[in-house]
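To keep things clear, I will list the structure first and then write my remarks on it.
The values are calculated or read from the model by the stated rules, or taken from the named source; none is laboratory data. Just so you know, these numbers come straight off a predicted model, no measurement behind them. Cβ coordinates were reconstructed from backbone atoms using ideal geometry, including for glycine residues, and neighbour counts include every protein chain displayed.
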Amino acid sequence: MSAEVRHMKTAAELALAETYAAAKQKLPGKGPLAVLREDAFRHFEAQGLPHRRVEEWKYTDLRALMRDLKPLASPPDASAKARAKTAGKIIGDVECRRLMFVDGAFASELSDVTPETGLAIASMNQALAKGDALVGTHVGKVIESKDAAVALNTALMGDGAVIRIAAGASIARPLHLIFVATGGKPASMFTRSLIVIEKGARAMLIESHEYAGAGSGDYQVNAALELVVGDEAHVDHVKIIAEGAGALHVSSLMASIGARARYNDFSFSIGGAVVRNQLFLRFDGEDTVAGIRGVCLLKGRQHADTTLVLDHSAKGCQSRELFKSVLDGESRGIFQGKIIVRPHAQKTDGKMMTQALLLSDTAEADNKPELEIFADDVQCGHGATAGALDEDLLFYLKARGIPPKEAEALLIQAFIGEAVEGIEHAGLREVLMEAAVAWLKARA
Amino acid sequence: MALLEVKNLHVEIGGKKILNGLDLTVEKGTVHAIMGPNGSGKSTLAYVLAGKAGYEVTEGQILFDGEDVLAMAPDERAAKGIFLAFQYPMEIPGVATMTFLRTALNAQRKRRGEAEFSTPDFMKRVRDTAGHLGIEQDMLRRAVNVGFSGGEKKRNEILQMAMLEPRLAVLDETDSGLDIDALKIVADGVNRLRSPERSMIVITHYQRLLDYIVPDVVHVLSKGRVVKTGGKELALELEAKGYAEFADEAA
């Protein structure tokens with residue numbers, strides 16, 4: 001008795017179908033790429049927007065949370081580009097190569113595209129249009145995902161970055177991909193990026209999603225990044241989600257990581273009405289060491305969901321996952337983390353910890369750690385905690401003359417500091433801690 | 001006027017009476033020892049002075065420099081100059097000892113309307129003070145009390161006291177868990193801080209600590225009240241006879 005009950009399509013689903021039908025001829029890419037889009041859309045259409053009865057989306061009922069679809073963003077005009085210039089400040093004076101994507105479109109005139117040995121940068125729109133080989137090889141193929149949000153992104157992908165870092169190259173400055181919404185009018189953006197880091201290369205990637213318009217911002221983001229990390233490469237990826245207070249943000253990282261690589265991932269989620277941050281990672285080669293960490297700072301009625309699937313497909317890899325959330329007001333923080341250890345992935349060493357700090361009686365933390373282990377010689381563990389600040393610790397600080405708000409801030413900084421410490425770049429660690437301190441001050 | 005006046009203090013925790021009309025007067029520049037058996041209310045007195053939540057004062061008064069202490073928040077009391085050296089110092093993962101000290105010192109100074117210390121001035125002070133207490137630079141960089149031995153934790157309390165320069169220091173069983181060498185270091189640290197401008201209340205179960213920190217006045221606490229007050233010789237008497245006599249007296 002499992003007769004499928006088709007639900008009535010929601011307004012957003014109907015709008016997605018109409019938008020796709022109207023846009024598909026104009027969206028970049030022909031032949032196999034057009035087929036990829038079409039297949040993705042059919043896959044999405046068959047399941048619709050994910051809802052609470054879909055286990056992976058249990059805590060983030062996108063069908064209920066996404067009431068409508070905002071029109072696809074128009075290419076940015078001069079005033080949008082002018083507003084966009086303020087974006088990227090969240091990382092302070094950390095020296096980077098800035099690549100700007102304004103309302104979903106690559107803005108080369110706002111980006112640093114000066115040549116550098118071993119680094120190739122292109123726009124996804126152009127790469128799709130001309131049937132670029134790298135795009136043909138990897139887009140939609142890095143991690144075969146059944147996820148509805150990823151399928152939607154594939155169906156409607158417009159622009160984004162296509163970056164290739166040659167074998168053995170060491171890229172001096174971090175690459176900062178800035179995806180900024182400028183808020184001229186309600187809009188939706190479907191950016192897709194592909195970054196291929198070849199064998200033995202060293203790179204640091206920063207991805208920030210920001211808002212540079214007035215008010216809280218009435219827009220929707222569905223962003224996806226496919227990342228290929230070659231054998232022996234050393235890669236850091238930091239994603240900052242600092243959307244406007246009215247934004248709906250869904251983003252997906254799909255990463256395949258080669259052998260003996262070092263991979264360090266950090267997510268910092270601070271802005272947006274509804275945020276779903278998906279990380280799908282797979283170890284494809286042996287003896288890789290990875291750290292996957294994140295911090296979520298939520299207040300008001302913010303909802304942020306971090307969903308991680310980590311697939312140990314090769315033996316001898318070590319992964320450490322640490323996710324911290326600080327929840328104030330009526331916010332809701334969700335962490336779902338699944339570690340899969342394939343039968344041949346012996347000697348896997350994986351440890352996952354998620355901790356939520358609740359600053360109010362009305363905040364909610366949902367933690368769902370899962371282990372699926374098919375190998376017999378592994379070390380895996382997970383832990384989850386949720387609680388308020390320790391009253392005895394607070395008293396100790398207050399008894400030394402530290403006012404209550406400052407004492408709380410100090411303990412909260414210490415709480416998230418443990419995760420932030422995992423970022424290798426000292427300057428970036430500092431600016432993210434500063435952003436956290438600013439968040440705490442705004443709270444007081 | 002005495003620096004501290006505790007008058008007829010009655011305190012309950014969760015409906016259970018712990019202090020029953022405690023009186024205590026501490027003059028400026030004096031060191032008072034409070035001794036007593038387990039459960040006599042020694043630590044409760046320490047926590048009530050510092051302002052810990054959960055202690056309900058049902059009657060009585062605490063005046064510090066003539067001001068009503070019970071009306072002040074813990075951080076306010078600290079800024080006025082009341083310092084509690086904890087029996088069990090807390091571990092604060094992620095907060096470096098140096099950061100903690102500077103935050104506390106500058107918060108107190110700010111509240112008192114004094115200028116905050118510059119980084120170099122602060123560093124110099126903390127290095128000098130830590131040196132006297134045999135505290136290594138490495139310990140200052142580590143998170144507060146995390147991975148510290150019992151002796152290190154107590155030395156860290158005395159370091160905080162030295163940096164914050166309180167007018168009244170309450171040392172709650174500072175000797176507990178210390179071997180004789182660690183005890184001497186801590187007592188030396190405390191003695192260095194004795195001054196005509198600073199009063200101390202040394203709470204201890206054992207007379208041993210008072211060989212090193214010699215008090216001006218000794219009080220015996222039993223069942224939530226001071227049942228005997230005397231000079232330093234009272235401590236020796238207690239050591240010889242035990243607390244049995246006072247337990248009966250208070251009953």
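Within the range B:25-50, the residues that satisfy the criterion of being within 16 Å of B:Thr229 (Cα to Cα) and touching a helix residue (DSSP H, G or I) at 6+ places or on another chain (Cβ under 8 Å) are B:Ala33, B:Ile34, B:Met35, B:Gly36, B:Pro37. In the range B:63-86, the residue that is farthest from B:Glu116 (Cα to Cα) out of those that are within 12 Å of chain A (Cβ to nearest Cβ) and in contact (Cβ under 8 Å) with a residue 40 or more places away in the chain is B:Phe86. Mind listing just one residue for me: the one in the range A:393-444 that is over 15 Å from B:Ala143 (Cβ atoms) and aromatic (Phe, Trp, Tyr) and, of those, farthest from the other protein chains (Cβ to nearest Cβ)? Here the answer is A:Trp439. If the condition is being in a strand (DSSP E or B) and under 16 Å from A:Ala105 (Cβ atoms), then the range A:181-206 contributes A:Ala181, A:Ala187, A:Ser188, A:Met189, A:Phe190, A:Thr191, A:Arg192, A:Ser193.
When the residues of the range B:204-233 are filtered to those that are free of Cβ contacts under 8 Å to residues at least 24 places away in the same chain and small (Gly, Ala, Ser), the one that is farthest from B:Thr44 (Cα to Cα) is B:Gly231. Would you tally the residues in the range B:194-219 being under 26 Å from B:Val57 (Cα atoms) and at pLDDT below 95? So the answer is 2.
For the range B:45-69, name all the residues that are assigned to a helix (DSSP H, G or I) and exposed (fewer than 14 other Cβ atoms within 10 Å of the Cβ).
Here is the first cut: in the range B:45-69, the ones assigned to a helix (DSSP H, G or I) are B:45-50, B:69.
Of everything in the range B:45-69, nothing turns out to be assigned to a helix (DSSP H, G or I) and exposed (fewer than 14 other Cβ atoms within 10 Å of the Cβ).
Can you confirm whether the range A:126-145 contains a residue that is at pLDDT below 95, in contact with a helix residue (DSSP H, G or I) (Cβ under 8 Å, 6 or more places away or on another chain), of a type in the set (D, E, K, R) and under 30 Å from A:Glu56 (Cα atoms)? Within the range A:126-145, not a single residue is at pLDDT below 95, in contact with a helix residue (DSSP H, G or I) (Cβ under 8 Å, 6 or more places away or on another chain), of a type in the set (D, E, K, R) and under 30 Å from A:Glu56 (Cα atoms). Within the range B:101-128, being more than 19 Å from the chain's Cα centre (by Cα), facing another protein chain (nearest Cβ under 8 Å) and touching a residue at least 12 places away in the same chain (Cβ under 8 Å) holds for B:Ala107, B:Arg111. Would it be correct to say that A:Gly316 is in contact (Cβ under 8 Å) with a residue 40 or more places away in the chain, surrounded by fewer than 24 Cβ atoms within 10 Å (Cβ to Cβ) and of a type outside the set (A, V, I, L, M)? When the stated conditions are applied, A:Gly316 does not pass them. Taking (1) surrounded by fewer than 23 Cβ atoms within 10 Å (Cβ to Cβ); (2) at positive phi in turn, A:Lys185 satisfies each apart from (2). Looking at B:Val218, is it outside any helix (DSSP H, G or I) and buried (at least 22 other Cβ atoms within 10 Å of the Cβ)? In short, yes.
Name the single residue, out of those in the range B:87-100 being over 22 Å from B:Leu193 (Cα atoms) and in a loop (DSSP other than H, G, I, E, B), that is farthest from the other protein chains (Cβ to nearest Cβ).
Here is the first cut: in the range B:87-100, the residues over 22 Å from B:Leu193 (Cα atoms) are B:90-96, B:99.
Narrowing further to those that are in a loop (DSSP other than H, G, I, E, B): B:90-91.
Working: B:Met90: 4, B:Glu91: 8 Å.
Here the residue is B:Glu91.
May I ask you to say which residue of A:Arg52, A:Arg67, A:Arg98, A:Arg63 is touching a residue at least 12 places away in the same chain (Cβ under 8 Å) and farther than 21 Å from A:Asp305 by Cβ?
On the way: A:Arg52 fails: farther than 21 Å from A:Asp305 by Cβ; A:Arg67 fails: farther than 21 Å from A:Asp305 by Cβ; A:Arg63 fails: farther than 21 Å from A:Asp305 by Cβ.
The conditions single out A:Arg98.
Could you tell me whether the range A:362-384 includes any residue that is part of a strand (DSSP E or B) and within 14 Å of another protein chain (Cβ to nearest Cβ)? Walk me through how you get there before you give the answer.
If we filter the range A:362-384 for residues that are part of a strand (DSSP E or B), which is where we start, we get A:364-373, A:379-384.
Restricting the remaining residues to those that are within 14 Å of another protein chain (Cβ to nearest Cβ) gives none.
The answer is no; no qualifying residue exists.
On the given criteria, is B:Gly29 surrounded by fewer than 23 Cβ atoms within 10 Å (Cβ to Cβ), within 12 Å of chain A (Cβ to nearest Cβ), touching a Pro at 6+ places or on another chain (Cβ under 8 Å) and modelled with pLDDT of 95 or more? No; evaluated as a whole, the condition is false for this residue. The helices (runs of 4 or more DSSP H) falling completely within the range B:134-200 include none with 3 or more residues that are within 14 Å of chain A (Cβ to nearest Cβ), without any contact (Cβ under 8 Å) to a residue 12 or more places away in the chain and surrounded by fewer than 18 Cβ atoms within 10 Å (Cβ to Cβ). Inspection of the range A:60-71 identifies at least one residue that is hydroxyl-bearing (Ser, Thr, Tyr) and buried (at least 21 other Cβ atoms within 10 Å of the Cβ).
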